[in-house]
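**Q** For reference, the structure I am asking about is given below.
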Amino acid sequence: MAEPAPQLTVVAPVFNEAENIDPLLARLRPVLERCGLPYEIILVDDGSQDGTLGHIRAAHAADPRVRGLSFSRNFGKEIAIAAGLDAARGAAVVIMDSDLQHPPETIEQMVALWRQGYQNIYGVRRSRSGDSRVRQALTQRFYRLFDRFGETALPPGAGDFRLLDRVAVNALNRMRERARFSKGLYAWIGFKSIGVPFDVAERASGTSKFTYSKLTRFALDGLMSFSTIPLMVWTFVGVVISVIALAMALYFVGQTILYGVDVPGFATLVVSVTFFAGVQLLSLGVLGEYIGRIFAEVKGRPLYLVAESIGETGGPPDAQSVTDGA
Ligand code: UDP
Ligand code: MG
């Protein structure tokens, strides 16, 4: 008997989450049953080194509605989500973490709102208590900065946990950018949006897969993909410094005419030369960050490579057809 086409797809990126896969599926199933739609669960294995892939295979063998894609290496969570969205076939797609920090039960509320016509239903964290204090402080700083300079407003507390209608998924699938800041993309596409509050749970098992260096990269990607302020700032700095330099030039010319040549000033000279060398290198560095990103986009490499598909999925199923899908 052919199973009905999935109406609801759950996409979860997994990276070394062997212990979490079975508990996740066990908690998801009853919720999805209650939603009353034919469903599929797509686990995107982001180059795991532990037994994650084996667990996905076993889960698929037990229930073909569980499907998987396995990357040829670790491409990062943002890319894993992109692959999941490519593969999803549902009319509604839920994106969630695989460590049970996103409570599956919230999906029921999301589906109810989707049935009311909402297209971009995002989970809103009530608190971030699962994260370390340092990380919470840095995260807060980043979002304040983004709020100020980002060209897209992010709803506070919203993350990857969300339900997207097919129109929103199709919109996201058209964005093949490599430096992916999903949170920004979700907000950028718009559509009829609404938030659903949820409590972030403790990680079911294992530790966070995000190191501070990964988070820094992510923060830079976010700011640079959604703001040109870092580029424009140098115009302003340049204008201010030029005005000061002009004033100083006039002052020195006047002084020389009135009092003759004044030789001392070595310290001033050294300090200003090093200071402006610093300013110039900094601005070059910012330019370099953008150029590096332009370079990455221009190369047009595929977003990800699939080494193995477990079960049939929509979208690019094998490495050959995984192009950037223009
Ligand atoms: N993840 C991934 N690739 C990575 C890092 C993380 O697919 O390179 C997945 C991970 O398996 C989890 C989700 O992204 O399902 C969130 O990661 P994690 O829980 O480590 O991050 P945190 O909750 O600390 O933000
Ligand atoms: Mg987590």
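The values are calculated or read from the model by the stated rules, or taken from the named source; none is laboratory data. Predicted, not measured: the structure shown is a model, and the values here were computed from it. So basically every Cβ, Gly included, is an ideal-geometry build from the backbone, and we count neighbours across all protein chains shown.
**Q** Please find, within segment 70-82, the residue that is nearest to the chain's Cα centre (by Cα) out of those that are near ligand 1 (Cβ under 10 Å from one of its atoms) and not polar (S, T, N, Q).
**A** Filtering segment 70-82 for residues that are near ligand 1 (Cβ under 10 Å from one of its atoms) and not polar (S, T, N, Q), the one nearest to the chain's Cα centre (by Cα) comes out as Glu78.
**Q** Condition first: at pLDDT 90 or above, hydrophobic (A, V, I, L, M, F, W, C) and surrounded by 16 or more Cβ atoms within 10 Å (Cβ to Cβ). Now tell me which residues in segment 151-184 satisfy that.
**A** Phe161, Leu163, Leu164, Ala168, Val169, Ala171, Leu172
**Q** Filter segment 87-132 down to the residues that are among the polar types (S, T, N, Q) and within 13 Å of ligand 1 (Cβ to nearest atom), then identify the one that is nearest to Val306 (Cα to Cα).
**A** Out of the qualifying residues, it is Ser98.
**Q** May I pose another question? Quick check on my filter: what residues within segment 67-83 are within 16 Å of ligand 2 (Cβ to nearest atom) and not in a loop (DSSP other than H, G, I, E, B)?
**A** If the condition is that a residue be within 16 Å of ligand 2 (Cβ to nearest atom) and not in a loop (DSSP other than H, G, I, E, B), then Lys77, Glu78, Ala80, Ile81 are the ones that fit.
**Q** Let me ask another. Among the residues of segment 158-171, is there at least one that is assigned to a loop (DSSP other than H, G, I, E, B), within 16 Å of ligand 1 (Cβ to nearest atom), within 13 Å of the chain's Cα centre (by Cα) and not acidic (Asp, Glu)?
**A** No; the residues of segment 158-171 include none that is assigned to a loop (DSSP other than H, G, I, E, B), within 16 Å of ligand 1 (Cβ to nearest atom), within 13 Å of the chain's Cα centre (by Cα) and not acidic (Asp, Glu).
**Q** Let me ask you something else. When only residues in segment 166-212 that are of a type in the set (S, T, N, Q) and over 15 Å from Ser132 (Cα atoms) count, which is farthest from ligand 2 (Cβ to nearest atom)?
**A** To start, the set of residues in segment 166-212 that are of a type in the set (S, T, N, Q) comprises 170, 173, 182, 193, 205, 207-208, 211.
Now drop any that are not over 15 Å from Ser132 (Cα atoms), which leaves 170, 173, 182, 193, 205.
Values: Asn170: 28, Asn173: 25, Ser182: 15, Ser193: 23, Ser205: 11 Å.
So, considering only residues that are of a type in the set (S, T, N, Q) and over 15 Å from Ser132 (Cα atoms), the one farthest from ligand 2 (Cβ to nearest atom) is Asn170.
**Q** Right, next: Under 8 Å between Cβ atoms, which residue pairs at least 6 apart in sequence (or on different chains) link something in segment 231-244 that is within 20 Å of Arg293 (Cβ to Cβ) with a partner that is among the small types (Gly, Ala, Ser) and surrounded by 10 or more Cβ atoms within 10 Å (Cβ to Cβ)?
**A** Trp234/Ser283
**Q** Return the total of residues in segment 294-316 being assigned to a helix (DSSP H, G or I) and under 29 Å from Leu43 (Cβ atoms).
**A** 3
**Q** Also, quick follow-up: Inside segment 23-54, can you point out the residues that are farther than 24 Å from Arg115 by Cα and crowded, with 23+ Cβ neighbours inside 10 Å? I'd like the intermediate steps shown before the answer.
**A** Let us first name the residues in segment 23-54 that are farther than 24 Å from Arg115 by Cα, namely 23-24, 26, 43-54.
Passing the criteria: Leu24, Leu43, Val44, Asp45, Asp46, Thr52.
**Q** Given (1) part of a helix (DSSP H, G or I); (2) under 16 Å from the mean Cα position of the chain (by Cα); (3) within 14 Å of ligand 2 (Cβ to nearest atom), where does Arg135 come up short, assuming only one miss?
**A** Here Arg135 clears every test but (2).
**Q** Tell me, which residue of segment 202-248 that is more than 16 Å from ligand 1 (Cβ to nearest atom) and in a loop (DSSP other than H, G, I, E, B) is surrounded by the most Cβ atoms within 10 Å (Cβ to Cβ)?
**A** This residue is Ser227.
**Q** Residue under question is Arg176, and the condition is that it be within 14 Å of ligand 1 (Cβ to nearest atom) and either assigned to a helix (DSSP H, G or I) or touching a residue at least 40 places away in the same chain (Cβ under 8 Å) (or both); does it hold?
**A** Spelling it out, it is not the case that Arg176 is within 14 Å of ligand 1 (Cβ to nearest atom) and either assigned to a helix (DSSP H, G or I) or touching a residue at least 40 places away in the same chain (Cβ under 8 Å) (or both).
**Q** Among the residues in segment 1-9, are any away from ligand 2 (no atom under 16 Å from the Cβ), in contact with a helix residue (DSSP H, G or I) (Cβ under 7 Å, 6 or more places away or on another chain) and part of a strand (DSSP E or B)?
**A** Yes: one or more hits.
**Q** It is to be established whether one or more residues within segment 185-206 are under 17 Å from the mean Cα position of the chain (by Cα) and basic (Lys, Arg). Don't jump to the end; show me each part of the working.
**A** Residues of segment 185-206 that are under 17 Å from the mean Cα position of the chain (by Cα), as a first pass: 185-190.
If we keep only those that are basic (Lys, Arg) as well, we get none.
Within segment 185-206, none of the residues are under 17 Å from the mean Cα position of the chain (by Cα) and basic (Lys, Arg).
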